[in-house]
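First comes the structure, then the notes that go with it.
The values are calculated or read from the model by the stated rules, or taken from the named source; none is laboratory data. Note that the structure is a prediction, hence the values are computed from the model and not measured. Please note: Cβ atoms are built from the backbone with ideal geometry, for glycine as well, and neighbour counts cover all protein chains shown. To get the accessible areas, we keep the full protein, side chains included, count just its heavy atoms, and leave off ligands, DNA and RNA. Shrake-Rupley method; radii C 1.70, N 1.55, O 1.52, S 1.80 Å.
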Amino acid sequence: MKHVEVLIIGAGPAGLSAADVLLEAGAEVALIDRSDRPGGQLTKQTHMFFGSQEHYASKRGIEILHVLYDKIKDHPRLHMFSETTVAGLYPDRVVACVSGQRYFTIQADIIIVATGASEKSLPFENNDLPGVYAAGAVQTLMNVYGVKPGDKVLMVGSGNIGLIVAYQLMQAGVKVPVLVEAAKTISGYHVHASKIRRLGVDIRMRTSIKRALGTDHVEGAQIWQLDARWQGIAGTEETIEVDTICLAVGLSPLTELLQQLGAEVIYINELGGHVPRLNEKFETTVEGVYACGDVAGIEEASSAMIAGKIAGLEAALKQGYALEDAQARQAALHTSLKTLRSGPHGEKIRKGHARLGART
Amino acid sequence: MRIHQHPILDFGERKTIRFSYNGQTLEGLEGDTIASALHAHGVKKLSESIHLKRPRGFYCAIGNCASCNMVVNGEPNVRTCITPLEDGMDVRLQEGKGRIR
């Protein structure tokens, strides 16, 4: 069995950031990702980031990915495993991997789980029809592979993903006549909502999808208005002519591997679902196993990069690397994370972490 | 269904890849996954559900949901959304759980 010092699962913003810190500290790092290209959500993010300089403000996700990956990709102590899926994670830090027809195991001193999240679905009639796609998946189809999901899309959900993907669909030449939102207010940034409204997207509040129409694939969608108890109001049904339905209804942390390992996870609605219990060093309840990024609570890529650096630094210290100014760097990173979580849009995250902390 | 003009992205010239879908020869482009190449041709139904035989297509694009599982070169349950397209691949619609050779 192969042995590495640190094994990172997931080469998205959190995993790449953790790898960078660890390589700089002097560690040997294995980075595993099931995709054929690193980057996770950054591979498809053509929009510019907000925040300050240290959070890569006004850079596009795809550019940030280049900065992060170009810095580490040729490092002699980096072992990159792409198109590799971790199928098993065990308490003695043995990692079972599958790549194509090949199965192998790696033992690591330290494991950093940065598996990210998967998009949620929504219960409605025919929600399994081809043409009903997760919004982030459509973003990948368009921005990574250059393929349109269809000609006309109904967007469901007004969070930032729904708003941004609606805009990016139009950039790709796809029509987005309607966006429905079950709540009575836009849940993403108003600047994004205003932008798509100006481009003619009819944003309907207190409205949801009732059913998808079609037999083999989506040929339309029926939407309806919701009452104060979130129930559809009979008689308000309206048929929209679309060939694609995009669901932007939130994400769930991918904690299956952590659960398999026996790390404690707790259900925190505000963080997207089951999240690992972490100490202030981002270590799970299993010693030597850390978690960072969306797997520890749904946030944005900016926060995932900071969290990745924190986990990377802690893992390097644990592994015995002497780091200059380690304490000052940690303090600065925690402050930076706090800044990102401040303001009205960070309220849900703050509440979620407060609830998670209260359970510790 | 290819994007030809885009204000930010330039997909450049990409090499053609020939593959077979249910016995029919189709062309994809270098950098495609199996699912993206099929979608570019408007092929949305990738498999049939196990019990009710309902059509299944692309959903998550990260190899997580199993909705895009197809039979590739005789091997069932290949996650076509994260599997790169290769020259000469034999791709088939998957019925139910598929059969392991």
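Residue by residue through the range A:324-360, note down the ones that are polar (S, T, N, Q) and closer than 14 Å to residue A:306 by Cα.
The answer is A:330, A:335, A:336, A:339.
Here are B:78, B:43: which of them is in a loop (DSSP other than H, G, I, E, B), within 10 Å of chain A (Cβ to nearest Cβ) and crowded, with 18+ Cβ neighbours inside 10 Å?
B:43
Can we say residue B:67 is among the hydroxyl-bearing types (Ser, Thr, Tyr), in contact with a strand residue (DSSP E or B) (Cβ under 7 Å, 6 or more places away or on another chain) and in a strand (DSSP E or B)?
Answer is no for this residue.
Taking the range A:134-167 on its own, how many of its residues are in contact (Cβ under 8 Å) with a residue 12 or more places away in the chain and touching a strand residue (DSSP E or B) at 6+ places or on another chain (Cβ under 6 Å)?
Result for the range A:134-167: 14.
Where the second residue is open to solvent by 10 Å² or more (accessible area, probe 1.4 Å) and the first is among the charged types (D, E, K, R) and lies in the range A:241-257, which pairs have Cβ atoms under 6 Å and are six or more apart or on separate chains?
Within 6 Å, the pairs are A:243/A:151; A:243/A:152.
Only one of these conditions is not met by residue A:52: (1) small (Gly, Ala, Ser); (2) open to solvent by less than 60 Å² (accessible area, probe 1.4 Å); (3) free of Cβ contacts under 8 Å to residues at least 40 places away in the same chain. Which number is it?
Of the numbered conditions (1) small (Gly, Ala, Ser); (2) open to solvent by less than 60 Å² (accessible area, probe 1.4 Å); (3) free of Cβ contacts under 8 Å to residues at least 40 places away in the same chain, the odd one out for residue A:52 is (3).
Name the residues in the range B:1-40 that are in contact with a helix residue (DSSP H, G or I) (Cβ under 8 Å, 6 or more places away or on another chain), touching a residue at least 40 places away in the same chain (Cβ under 8 Å) and in a loop (DSSP other than H, G, I, E, B), would you?
Hits for the range B:1-40 are B:1, B:32.
Which of the residues belonging to the range A:156-168 are assigned to a helix (DSSP H, G or I), away from every other protein chain (no Cβ under 13 Å) and open to solvent by less than 10 Å² (accessible area, probe 1.4 Å)?
Once the filter is applied, which keeps residues that are assigned to a helix (DSSP H, G or I), away from every other protein chain (no Cβ under 13 Å) and open to solvent by less than 10 Å² (accessible area, probe 1.4 Å), the range A:156-168 yields A:162, A:163, A:166.
Among the strands (runs of 3 or more DSSP E) contained in the range A:83-155, which hold 3 or more residues that are open to solvent by 10 Å² or more (accessible area, probe 1.4 Å)?
It comes to A:85-89, A:94-99, A:102-113, A:117-119.
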